[in-house]
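Rule-based calculations on the coordinates, nothing more; no lab input. Just so it is clear, the model here is predicted, and its values are computed rather than measured. Glycine gets a Cβ as well: all are built from the backbone with ideal geometry, and neighbour counts include every protein chain shown.
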Amino acid sequence: MVTCSLGELAVRFGCELRGDPDVRVARVATLAGGSDALGFVASAAYRAALRQTRLGAVVLDARLAPECPVPALVHRNPHPTFARIAALLHPAAPLRAGIHPTAQVAPTARIDPSAEIGAFVVIGEGVQVGSRCFVGPHCVLAEGVQLAADVQLVARVTLGAQVTLGERCLVHPGAVIGADGFGNARDGERWVKVPQLGTVHVGADVEIGANTTIDRGALEDTVIGEGVRLDNQIQVGHNVVIGAHTAIAACTGIAGSAKIGARCMIGGGTGIGQVEIADDVVITGFGMVSATLHNPGVYSSVLPVEEVRTWRRIVGRLKRLDELASRVRKLERKENNDD
Amino acid sequence: MVTCSLGELAVRFGCELRGDPDVRVARVATLAGGSDALGFVASAAYRAALRQTRLGAVVLDARLAPECPVPALVHRNPHPTFARIAALLHPAAPLRAGIHPTAQVAPTARIDPSAEIGAFVVIGEGVQVGSRCFVGPHCVLAEGVQLAADVQLVARVTLGAQVTLGERCLVHPGAVIGADGFGNARDGERWVKVPQLGTVHVGADVEIGANTTIDRGALEDTVIGEGVRLDNQIQVGHNVVIGAHTAIAACTGIAGSAKIGARCMIGGGTGIGQVEIADDVVITGFGMVSATLHNPGVYSSVLPVEEVRTWRRIVGRLKRLDELASRVRKLERKENNDD
Amino acid sequence: MVTCSLGELAVRFGCELRGDPDVRVARVATLAGGSDALGFVASAAYRAALRQTRLGAVVLDARLAPECPVPALVHRNPHPTFARIAALLHPAAPLRAGIHPTAQVAPTARIDPSAEIGAFVVIGEGVQVGSRCFVGPHCVLAEGVQLAADVQLVARVTLGAQVTLGERCLVHPGAVIGADGFGNARDGERWVKVPQLGTVHVGADVEIGANTTIDRGALEDTVIGEGVRLDNQIQVGHNVVIGAHTAIAACTGIAGSAKIGARCMIGGGTGIGQVEIADDVVITGFGMVSATLHNPGVYSSVLPVEEVRTWRRIVGRLKRLDELASRVRKLERKENNDD
């Protein structure tokens, strides 16, 4: 078990400490946690819970610090500071360098000796696995895949031919990166498959969620920028480009050839057509983006549920809006004639 | 092949038998099935088909019984009664207790000798597998996972560290339970990963569909109540709590920290934000729940498709509703002035 | 590397060649590609890029041919022609017939000797694998599965008991075909599982995307017609029937017992309830089909995002449409009284 003194934490993470530097914490917890744990508050909404806390220490900003009944680590930006302390107190299991005896590794693959390759992994010809990579059980890396240093594939990740992942990428179980895009040419009533000859390039520090799928490009490549965050069950079509540090929540579908800017935040369940989205765009959850968004801003098309009879009446009205508008026009004409 | 007499079935499942108790059935079928099969009717909508049936017997309620031309097993609640008879007539293949020679089981894992562990299964340190569990091929159970008695993991199920499943849970292929939640803290333009330190607890008698994902909690745990039914491709975010006996249809996405009550029925493709939903709420398919629902009831926000030109005109009107409303207001003012 | 002369390609694919028949191409590329590559144009929107191209040759129709600065393969239908040439120039890796030593094949399974069975594949009792099939690593074929000739399961595909795939089907990683449908009968507050006793039949020439799920039927079977195209992360409920040559884009959810016609095109993120859809229906992306569509045509219910404050005002107006309509009615009454 790792424990740290508040003094060490304050120095290491650039916090102002208000309290005893020799107090030690062993874990992170919510505000309801015990005296061996450290928590955080980032919003005044938790003020009441803060006043009651018995934590060993709390990370918070200067504004809330006066209300903290226990030692405080004061930082302008408490949430990422807390995240970094949590990672320090709860380190991942150390790598066990080497290749599991059940793994099937092609003769021309190059596996860095510091990497860990798990049980039942299949690694194709010409694959390169960098330093300190973790390739968990049941992963399949097709020919020519390249993993930069410190990539982690938790388990059961499938990477298609020639896919590249940048340093420190983290990919969760069930993700499929580099399956064929949906390329079909119509010939009479039949579909002819269009070979998908591009691949997928993923930048450094990208996290990809469970059962997310990212298709390979048709002729050119699909590109995921540095620092991108993709939640679970996201679909990224062929030739999509996602800019650096964009975060996308679960169940979002992105049509082929869409271009999404940098630093966007896209809520869950969003549908994105074959459009462009500028940098710094925010889409609230369940949005439908069917036309290009040229400017930063917050966009929405969510329709919150109503009690079903009310909702049906609204939909009925909506579908007769044309009629309502023409009734208004008729009234206006009369009014004008009367004047 | 299992066969049962109608007399046996009537006694075992508490039905009133109208017909020959010695008739035997060997399978279940639709109303179009043959004389060795048993079917059911739960709705008067199938009255015409019922009158034509040549089944060996039909499970139905007293209201429809007079119209049944073949032996009838009369029960107040025909559908679950039929389901139970179907399970009796079509039993699952018996377990083959033991550990497949290809499975990789950590030395500290405890596998009940009555359990079946399939090919290429990976079982981590400290895992506990209860009596009569079935762990199908290609499952991965990370360290500390606990399966209560009679759990069935069909194939290729991934369970993250410390995940617990209650008795008789049934999990379908591709499900990922206990991947990291989507926890990110913004620091300038970059995202800092927030370690996901909770796990997932699943109650007894829960069924989880193919390729469904349930994330582990951030600090506390994600909790799925007893008897819950989750269809395929559902996403359950970190720290979600789902109450007992709630059923959720496919493709529903549930944002982190949402709390869903007991006995809810949630239609397919629904999006649920970080909100609370009371007990006994019904959401029709494709709903968007972006605010807390305090009361039981049926809720909807589905917008049914229209012919595309009609739809575009409706959307145009919708987006100019403000203008229409101000025209109405103008007319009203004039009207008032005229009075 | 395969190379072809334009003369060969013209003859083989029925094109009119405008240019030197001895020019050879080795690959396909976009219009920005080099002189050893062949590209295509199917729309006048790319006219400017066409005029600048330095490709070795371009496949296009007679209308655009005069603007092509390099040799042209003229065909009435350039896209499928290009697709076929691409497949010729970029052939799949040849099969390595035989069963990988790690694969677990049940004694009663019949594997054609020309088929390739990959690492860690699990094949159940009574399975039949046809000529020249490719069963990639980590696939699981439960008992009684039948693969016709030339089926390709890329990797990590799970097929439930008795599932059949027609000739030349192509299935991508993570797909689960034949998991239990979502069949539950309510008994008080509890759900009783309804055994799912049907299976899934997939016609010839079907492509199924990554992480797509197709449930087995309850009593009868789920049926996917010949030539169907299913993109990634599609959910197909139990007893669904999809007609021949229908194409469905990613993230679409189809409720149990829905019947979809032939030659339909269904955009991504569409929700389809338990309804029927006629042949030749087109649904634009993010549509919600909650009632039967009897006639061919193009249907939509997409609501494009707006800037969030504008959107909230629109939703507010929408939810007060009843009130607006009654105000208009009041004005009309007055107007009529005034007349």
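I'd like the distance separating the alpha-carbon centroids of region B:39-54 and region A:97-141, in whole Å.
58 Å
Name the shape class, rounded, prolate or oblate, that the alpha-carbon gyration tensor gives for region A:4-89, where a ≥ b ≥ c are the square roots of its eigenvalues, rounded holds for a/c under 1.5, and otherwise prolate holds if a/b is larger than b/c and oblate otherwise.
rounded
Ranked by Cβ crowding within 10 angstrom, fewest neighbours first, how are B:Ser301, A:Ser5 ordered? Write out the running numbers ahead of the final one.
Values: B:Ser301 24, A:Ser5 16.
Listed from fewest to most nearby Cβ atoms, that is A:Ser5, B:Ser301.
In terms of modelled amide H atoms, which long-range or inter-chain residues lie less than 5 Å from the amide H of A:Val194?
A:Gly183, A:Asn184, A:Ala185
Near the amide H of A:Val105, under 5 Å away, which other amide H atoms are found, from residues 5 or more places off or on another chain, if H is placed in the peptide plane?
Here A:Ile123 satisfy the definition.
Convex hull over the alpha-carbon atoms of region C:159-254: what's its volume per residue in Å³?
Spelled out: Cα convex hull of region C:159-254, divided by residues, is 86 Å³.
Please rank C:Arg263, B:Arg168, fewest neighbouring Cβ atoms within 10 Å first, as an exposure proxy.
Starting with the residue having the fewest Cβ neighbours, the order is B:Arg168, C:Arg263.
Counting each DSSP H run of 4 or more residues in chain B as -39500 (n - 2.57), what helix-only mean residue ellipticity at 222 nm follows after dividing by all residues, to the nearest 500 deg cm²/dmol?
Per the formula, -5000 deg cm²/dmol.
If the label for B:Arg51 sits 7 angstrom from Cα along the Cα-to-Cβ line, what are its distances to the same label in every other copy, in nm to one decimal, shortest first?
Distances between equivalent label points, in nm: 7.3, 7.3.
Need one value for C:132-144: mean number of C-beta atoms belonging to other chains within 10 Å of its residues' C-beta atoms.
Per residue, the average neighbour count from other chains is 3.
Select from A:Gly203, A:Gly267, A:Gly14 the residue whose mean-square fluctuation is largest in a Gaussian network model of chain A (Cα-Cα springs shorter than 10 Å).
A:Gly14
Using a Förster distance of 60 angstrom, determine the FRET efficiency expected from the C-beta separation of C:Glu323 and B:Arg190, and round it to 0.05.
Between C:Glu323 and B:Arg190 the formula returns 0.80.
Over all residues in C:75-87, what is the mean tally of Cβ atoms on other chains that come within 10 Å of each residue's Cβ?
Counting Cβ atoms of other protein chains within 10 Å of each residue's Cβ and averaging gives 5.
Given chain A, what whole percent of its Cα pairs are spread farther than 32 Å?
When all Cα pairs of chain A are counted, 51 percent exceed 32 Å.
Would you kindly work out, in nm and rounded to one decimal, the distances from the label point of B:Ser114 to those of the same position in each other copy, ordered shortest first, with label points 7 Å along Cα-to-Cβ?
5.0, 5.0
Treat each spin label as a single point 7 Å out from the Cα along the C-beta direction, and report the C:Val2 to B:His294 distance in nm.
6.7 nm
In sequence order, what are the phi-derived ³J(HN,Hα) couplings for region C:134-147 according to the Karplus relation 6.51 cos²θ - 1.76 cosθ + 1.60 with θ = phi - 60°, rounded to whole Hz, with x for glycine and proline?
10, 10, x, x, 6, 6, 10, 10, 6, 4, x, 5, 10, 10
Mean-square fluctuation check for chain A, GNM, Cα pairs under 10 Å: which of A:Ser131, A:Ser326, A:Ser35 is largest?
A:Ser326
Would you kindly give the portion of the calculated P(r) for region B:117-202 that falls above 15 Å, as a percent of all Cα pairs? Mind showing how you got there, number by number?
Numbers: 2122 of 3655 pairs.
For region B:117-202, the fraction of Cα-Cα distances above 15 Å is 58 percent.
Inverting the mean 1/r over all pairs of different Cα atoms, compute the Kirkwood radius of region C:98-299 and quote it in Å.
17.0 Å
For a 32 Å ceiling on Cα separation, which of these pairs sit above it: A:Lys319/B:Lys334; B:Lys259/C:Lys259; B:Lys193/B:Lys319? Don't skip to the end; give the middle numbers.
Numbers: A:Lys319/B:Lys334 28 Å; B:Lys259/C:Lys259 34 Å; B:Lys193/B:Lys319 39 Å.
Check vs 32 Å cut-off fails for B:Lys259/C:Lys259; B:Lys193/B:Lys319.
Suppose we keep just the DSSP beta bridges with both residues in chain C; what percent of those would be antiparallel, to 5?
10 percent
What are the distances, in nm and sorted shortest first, from the label point of A:Lys334 to the label points of the same position in each other copy, with each label point placed 7 Å from Cα along the Cα-to-Cβ direction?
Counterpart label points of A:Lys334 in the remaining copies fall at 1.1, 1.1 nm.
Hey, got the average number of other protein chain Cβ atoms within 10 angstrom for residues in B:282-295?
5
Which log10 I(q)/I(0) values, to two decimals, does the protein assembly as shown give at q = 0.08, 0.09, 0.10 Å⁻¹ under the Debye formula with one point per Cα?
So the normalised log intensities work out to -0.85, -1.06, -1.28.
For a footprinting-style exposure proxy, rank A:Phe40, C:Phe13, C:Phe182 by other Cβ within 10 Å, fewest first.
Least crowded to most crowded, the residues run C:Phe13, C:Phe182, A:Phe40.
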